[in-house]
Amino acid sequence: MIPVSVSEILQVVGGRLLHGTPAGTVTSVVTDSRKAAENTLFVAISGENADGHAFVEKAFAQGAVCALVEREVEISLNHPVIFVENTVRAMGALAQLVMKRLCVPTVGITGSVGKTTTRDMTHAVLSAKFNTLKNKNNFNNEIGVPLTVFEADETITAAVIEMGMDNFGEIDRLSAIVQPNAAIVTNIGMSHIERLGSQENIYRAKSELFANTKKDGVVILNGDDKILMAHKDEISQKVITVGVKNPTADFTASDIKAEEDSVTFRFSGLGHEFKVELPVPGEHNVSDALLACAAGIYFGVPDAKIAEALQKFTLTGMRMDIIRCGSITVINDCYNAAPASVSAALSVLSKRRDRKVAVLGDIAALGAYSYNAHRELGAEVTKNGIDLLITVGENARFIAEGAFENGMDSMNIISVDTVEEIYPYLSSSIKENDVVLVKASRVMGLERVTEFLKNNF
């Protein structure tokens, strides 16, 4: 971490000293007292399962030099304890200071689908030129983004930060921390439509990113997304577009060839042209790769280095993870789901030559759109020639309905309510050489299905 003094922290978070004196220097920040060490700032967060305020003294005992709290705590040690109204927001204010001191080329990424893949591809591309920081795992919220920033030290020369959201204002707060030189929006889909009400509102929430993007920076948009294109001219920064289907985009993909485990295409635009070989399945990944290529070009990464970086790219766990389980193949894509990502996953499955099995669970946060969205995916199941459909969850039953109404034999459709109910059907229905796609929203916990298949086939 870029070192920050305790006195500076007290000032930047607008806090009040409850204990001790503002002495010492912080070189790491944790929200888990078990990870506290010498020169650590411990941030006490009240969570669903535990209250960090109960562990302040433990953090100090392990070497923490300071603590942020949002209520009074009793401690026997005379260490600085800073009171703030909201420890999460205070952590964000500190992260903003660290980012300003870091002062490196930074990419901020948001969107409905493909954020993490785009983040990882962009990180791979920029790492061909820079020592590049990125979020770990799903650290893309108001706790995760600051913790990511705190991982940076003086050796970091660029950053790629993914930002997620559930409601208005969150992207604004996250991007205020990051203040990126380049903003990437992957698309405007259906995720969070239950809370936000419409895709236009989803765009409004995502576009908060632009207000905190450097005025002399760039906004990189998916030119195939109609909503993004409808608002393109409202953006004050320079805009670069990429497109698979949009021939007027600044950068385009042609000669797309999708194989079982890879996809290739020709990248071209604005004087650049080179072949991209992605060692991951699915044509949907081409859009994410285009965005990463555009970011690389903007920050001066040579074309050959971009192509080389993407050729070595690997997906984050539980995202199109191809696993060989005995005599069957599992496509583990159960980290999260939206209608567009399920459709893309079904397309990947359709490219397989062996018998195709789709294990699909509920897609969350669709609100009034849930019924139609799930039924439409049933039609996608039939269109992609899936041989066996197993649905898990109340809403996923509508996928089954849609598949049946579009011609799938009822003998090849199984619907259950819980993950535990699926195991006997998997044992009796999965055959040698089957390819099994596992896909649902994170709340469904379908990674348990993947583990069952790994342990029993």
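No lab work stands behind these numbers, since they all come straight from the coordinates. All values derive from a computational prediction rather than experimental measurement. Note that each Cβ is placed from the backbone with ideal geometry, even for glycine, and that neighbours are counted across all protein chains shown.
Would you work out the charge dipole size for the chain about its Cα centre, treating the Cβ of every Lys and Arg as +1 and the Cβ of every Asp and Glu as -1, and quote it to the nearest 20 debye?
860 debye
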Check: Out of every Cα pair in segment 104-311, what percent are spaced more than 30 Å from each other?
Finding: 15 percent
Check: With a 10 Å Cβ neighbour count serving as the proxy for reagent exposure, in which order, fewest first, do V107, V357 appear?
Finding: V357, V107
Check: Rounded to the nearest 0.05, what FRET efficiency do R353 and R89 have when you use their Cβ-Cβ distance and R0 = 41 Å?
Finding: 0.20
Check: Which entries in K58/K312; K115/K431; K100/K257; K232/K275 show an alpha-carbon gap greater than 32 Å?
Finding: K58/K312; K115/K431; K100/K257
Margin query: Within 10 Å of each candidate Cβ there may be at most 11 other Cβ atoms; applying that plus a DSSP loop requirement, which GluC sites (Glu not before Pro) in segment 373-450 survive?
Written below: E432
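Based only on the alpha carbon positions, what is the Kirkwood hydrodynamic radius of segment 256-409, in angstrom?
Values: mean 1/r = 0.0591 Å⁻¹.
One decimal place: 16.9 Å for the Kirkwood radius.
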Item checked: Relative exposure of T213, T264, judged by other C-beta atoms within 10 Å (fewest first) -> T264, T213
Checklist line | Gap separating the Cα centres of segment 292-355 and segment 26-48, nearest whole Å | finding: 34 Å
Item checked: Selection of chymotrypsin sites (Phe, Trp or Tyr not before Pro), segment 199-266, meeting DSSP coil and at most 16 other Cβ within 10 Å -> none
Check: Can you give me the Cα centroid spacing of segment 358-411 and segment 191-228 in angstrom?
Finding: 28 Å
Note to self: Taking 0.36 nm per residue of sequence separation and subtracting the Cα-Cα distance, how much length would be gained by fully extending the chain between A176 and Y371, in nm to one decimal?
What the structure shows: 66.5 nm
Check: Can you give the Kirkwood hydrodynamic radius for segment 4-85, in Å, rounded to one decimal and based on Cα pairs?
Finding: 12.1 Å
Check: The list [x] 76, 49, 32; [y] 67, 48, 43; [z] 72, 55, 40 gives values of Cα extents along the principal axes in Å, and only one came from this structure; which label was calculated from it?
Finding: [z]
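Where does each of S191, S441 land when they are ranked from fewest to most other beta-carbon atoms within 10 angstrom?
S441, S191
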Next item on the list: At most 16 other Cβ atoms within 10 Å and a DSSP loop assignment: could you name the trypsin sites (Lys or Arg not before Pro) in segment 325-398 that fit?
Entry: R353, R355
Checklist line | Förster radius 22 Å - calculated FRET efficiency between A23 and D153 (Cβ-Cβ, nearest 0.05) | finding: 0.45
